């Protein structure tokens, strides 16, 4: 087990090196740089040159890359061009917002997905099942940015309702905070619960006619207890996989939700930096996202081994 | 948004199972109603295909029928968006007819979606077959590259690349297509792994067939049905991704009509007074993706051996 974890961790290193190369090359491919943007349309060549020097953009590309990598390894993530402060500070400032959003989203998604999936399986091929499947395929088709737009727009039209405009911490004013974070978390959570509920439904249907289920029924347990105690436990693995992988796609979702709901989190930071060619921020954020993603898939694999004694971990990678 | 990545990862298993079933000898295939009968009975697929065909019709013919061009401005309704008989879907902040833009948006959306899917599937089949057939260092190299690319969440990577190459209709199309290649490479490769062990390949090889002949005469044609399935499964995701990118301002640039872009940026300031600006492009977009997803769902049901067994006596 320990050996396996070490091998898997070692396999992450070349992937992350690959990601950092790709991201570096991509950001350098961007037309125009931050110096040109800061300098504005009526830019003197000398002014531009001095700005480029200040940002270190006049150095050879290879040197820029090695500088960045050696800095990143030592924990120095560089300075944001645009905001002129360390990238690490910028990220830490915004982390609570995105963190709270993602946690609430995953909670909403897991609750909705597991509940709908179990109901669907319990009422297999009956009205409720069909209705829930229609809801889930609608939920997968309707873009989150449109649902989010409507969630803001319709209450404001009908009830002249608007969520609080300025950011509030959860501890300062829980009610206002939830009014800010609830809608985006529900929109994102519902959207990703649709895929989850299908997995839950399919897996539960897969175990429903197994011998131990018949035994449980023969013992005289009610359907609800059987589903909760016996079926759900046996389908935890695929559920964990889907939730784990969801978190990765949710980082993309956070960009959209934070843009629409005007939350000042990492998604907004990423989007603004991409549009303003703020290389250091884009590089770090993309690399971190990839790192979180590969770590999550490792954790999912480990959870398999931990939850299911039949799984034996061998080999370097699960290819 | 439902991400490209995780959907495709779970698809890999599904598709592989499905293809194996399709290829199983007649007597081993799950017994049941014939494929065609089930297709006929499957309303889901019919509805989905109907929606897609309607959208395709709108995209091809619509721009010639609607009253105005997507860019032409109607002076009196300039600045103040309005809803009237002349403009049943209203006008936007520049006095452009929203109906005309939604109709032209269908063209943008489907054109990008279909071309991108084609690029992704062709590329995925090419690299997948090469990787699976040759194995060894070729396979190793291709798979490591694939691994690196799919370890960055799809939307994040799309935003970075799109900001890097600059946004235009052509760039977005190429970008979505190329970014779809890695995950499809994986699917095709896993199919080829079992395909190349088949007897007919061994027979061809023992007759002296060269690598080139094996690849082009036997292996590439063998993935054509799979390519069709993969294309159908990927279409909805592509259309959604284009809309999301355009919404975020790194996709189709203005003034091109695009459902995603028409709901974003400055237009949002006018929603309060002109809700139709948000509603109609959104309905068109959702409907199109729904159509694509319903078709994909039906294909999955049809090729999934497990779905057949579920019909009888699980409860």
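Checking residue B:114 against (1) in contact with a strand residue (DSSP E or B) (Cβ under 7 Å, 6 or more places away or on another chain); (2) at pLDDT 90 or above: exactly one of these is not met. Which one?
(1)
If you take the residues in the range A:149-175 that are part of a helix (DSSP H, G or I) and more than 10 Å from every other protein chain (Cβ to nearest Cβ), which one is farthest from the chain's Cα centre (by Cα)?
From the range A:149-175, those part of a helix (DSSP H, G or I) are A:149-158, A:174-175; that's our starting set.
Those left that are additionally more than 10 Å from every other protein chain (Cβ to nearest Cβ): A:151, A:155, A:158, A:174-175.
Details: A:151: 21, A:155: 27, A:158: 32, A:174: 24, A:175: 25 Å.
Filtering first and then ranking leaves A:158.
Conditions tested, residue by residue: (1) closer than 30 Å to residue A:155 by Cα; (2) surrounded by fewer than 19 Cβ atoms within 10 Å (Cβ to Cβ).
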site	(1), (2)
B:192	no, no
B:201	no, yes
B:217	no, yes
B:259	yes, no
B:274	yes, no
B:285	yes, no
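When the residues of the range A:206-262 are narrowed to those that are outside any helix (DSSP H, G or I) and either within 33 Å of the chain's Cα centre (by Cα) or within 12 Å of chain B (Cβ to nearest Cβ) (or both), which ends up nearest to residue A:296 (Cα to Cα)?
Here is the first cut: in the range A:206-262, the residues outside any helix (DSSP H, G or I) are A:209-210, A:219-222, A:235, A:262.
If we keep only those that are either within 33 Å of the chain's Cα centre (by Cα) or within 12 Å of chain B (Cβ to nearest Cβ) (or both) as well, we get A:209-210, A:235, A:262.
Working: A:209: 32, A:210: 31, A:235: 19, A:262: 28 Å.
Among those that are outside any helix (DSSP H, G or I) and either within 33 Å of the chain's Cα centre (by Cα) or within 12 Å of chain B (Cβ to nearest Cβ) (or both), it is A:235.
Limited to the range B:241-253, what total is found for residues that are within 26 Å of residue A:156 (Cβ to Cβ) and either at the interface with chain A (Cβ under 9 Å from one of its Cβ atoms) or surrounded by fewer than 17 Cβ atoms within 10 Å (Cβ to Cβ) (or both)? Step through it out loud before you land on a result.
Keep residues of the range B:241-253 that are within 26 Å of residue A:156 (Cβ to Cβ), which gives B:243-244, B:246-249.
Narrowing further to those that are either at the interface with chain A (Cβ under 9 Å from one of its Cβ atoms) or surrounded by fewer than 17 Cβ atoms within 10 Å (Cβ to Cβ) (or both): B:243-244, B:247-249.
The total comes to 5.
For the range B:254-285, how many residues are in contact (Cβ under 8 Å) with a residue 40 or more places away in the chain, closer than 16 Å to residue B:241 by Cβ, more than 9 Å from every other protein chain (Cβ to nearest Cβ) and assigned to a helix (DSSP H, G or I)?
Residues flagged as in contact (Cβ under 8 Å) with a residue 40 or more places away in the chain, closer than 16 Å to residue B:241 by Cβ, more than 9 Å from every other protein chain (Cβ to nearest Cβ) and assigned to a helix (DSSP H, G or I) within the range B:254-285 amount to 0.
Residue A:142 is checked against (1) in contact with a helix residue (DSSP H, G or I) (Cβ under 7 Å, 6 or more places away or on another chain); (2) more than 9 Å from chain B (Cβ to nearest Cβ); (3) closer than 28 Å to residue B:260 by Cβ and fails just one. What number does that condition carry?
Unmet for residue A:142, out of (1) in contact with a helix residue (DSSP H, G or I) (Cβ under 7 Å, 6 or more places away or on another chain); (2) more than 9 Å from chain B (Cβ to nearest Cβ); (3) closer than 28 Å to residue B:260 by Cβ: (2).
May I ask you to list the residues in the range B:124-161 that are away from chain A (no Cβ under 11 Å) and buried (at least 18 other Cβ atoms within 10 Å of the Cβ)?
Start the filter on the range B:124-161 by keeping residues that are away from chain A (no Cβ under 11 Å), which leaves B:124-138, B:141-142.
Passing the criteria: B:124, B:125, B:127, B:128, B:129, B:130, B:131, B:132, B:133, B:142.
From the list A:114, A:103, A:137, which residue is touching a helix residue (DSSP H, G or I) at 6+ places or on another chain (Cβ under 9 Å), more than 30 Å from residue A:277 (Cβ to Cβ) and without any contact (Cβ under 8 Å) to a residue 12 or more places away in the chain?
Details: A:114 fails: without any contact (Cβ under 8 Å) to a residue 12 or more places away in the chain; A:137 fails: without any contact (Cβ under 8 Å) to a residue 12 or more places away in the chain.
Selected residue: A:103, the only one of A:114, A:103, A:137 that is touching a helix residue (DSSP H, G or I) at 6+ places or on another chain (Cβ under 9 Å), more than 30 Å from residue A:277 (Cβ to Cβ) and without any contact (Cβ under 8 Å) to a residue 12 or more places away in the chain.
Could you go through the range A:86-106 and let me know if any residue there is surrounded by 15 or more Cβ atoms within 10 Å (Cβ to Cβ) and more than 22 Å from the chain's Cα centre (by Cα).
Yes.
Quick one: residue A:295 ticks every box in (1) surrounded by fewer than 24 Cβ atoms within 10 Å (Cβ to Cβ); (2) over 17 Å from residue A:72 (Cβ atoms) except a single one, so which number is it?
Looking at each condition in turn, residue A:295 falls short on (2).
Return the residues of the range A:263-282 that are surrounded by fewer than 24 Cβ atoms within 10 Å (Cβ to Cβ), outside any loop (DSSP other than H, G, I, E, B) and facing chain B (nearest Cβ under 10 Å); say none if nothing qualifies.
Within the range A:263-282, A:271, A:275, A:276 qualify.
The values are calculated or read from the model by the stated rules, or taken from the named source; none is laboratory data. This structure is a prediction, so every number in the text was calculated from the model and none was measured. Positions of Cβ are backbone-derived with ideal geometry, glycine not excepted, and every protein chain shown enters the neighbour counts.
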